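Novice: First the structure, then my questions, so here it is.
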């Protein structure tokens, strides 16, 4: 009898970028050897793009909230999501700018 795959349910967390660095590295090593998990990740690849189109306010309103969860948690969650989106966008712009500068410098050196 085969032992259950400990990585079997990590595909969604991997695609959404919510694994820790060590877990992400372990999962990427696993993906290189597991065609089944690789197919699952490929199948979920478009999810992040679709989720980014959902307005945050609508997503928060559509949550089934636990009556024990304080009402103050949801606005903080919205702010945290917005802040994370801003940080990711800023980091993407910074990486693009640095990449462009490096490529421009390399291109100028070879002319």
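Any read-out appearing in this document is the output of simple, stated calculations on the displayed coordinates, not a laboratory observation. It should be emphasised that the depicted structure is a prediction, and the values quoted were computed from it without experimental measurement. For neighbour counting, all protein chains shown are included, and Cβ atoms are generated from backbone atoms with ideal geometry for every residue, glycine included.
Novice: Separation between the residue 80 and residue 109 pseudo-spin-labels, each 7 Å from Cα along Cα→Cβ, expressed in nm?
Specialist: Placing both labels 7 Å along Cα→Cβ, they lie 4.3 nm apart.
Novice: Next up: Calculate for the chain the 222 nm mean residue ellipticity that helices alone would give, adding -39,500 (n - 2.57) per DSSP H run of length 4 or more and normalising by residue count, nearest 500 deg cm²/dmol.
Specialist: So the calculated ellipticity at 222 nm is -21000 deg cm²/dmol.
Novice: Using only the Cα atoms of the chain, build the gyration tensor, take square roots of its eigenvalues as a ≥ b ≥ c, and label the shape rounded, prolate or oblate: rounded if a/c is under 1.5, else prolate if a/b is larger than b/c, else oblate.
Specialist: Since a/c reaches 1.5 but b/c is at least a/b, the shape of the chain is classed as oblate.
Novice: Using R₀ = 41 Å, calculate the FRET efficiency as 1/(1 + (r/R₀)^6) where r is the Cβ-Cβ separation of residue 18 and residue 99; round to 0.05.
Specialist: About 0.95, to the nearest 0.05.
Novice: Could you calculate the FRET efficiency of residue 44 with residue 5 from 1/(1 + (r/R0)^6), where r is the beta carbon distance between them and R0 is 25 Å, rounded to 0.05?
Specialist: That gives a FRET efficiency of 0.95.
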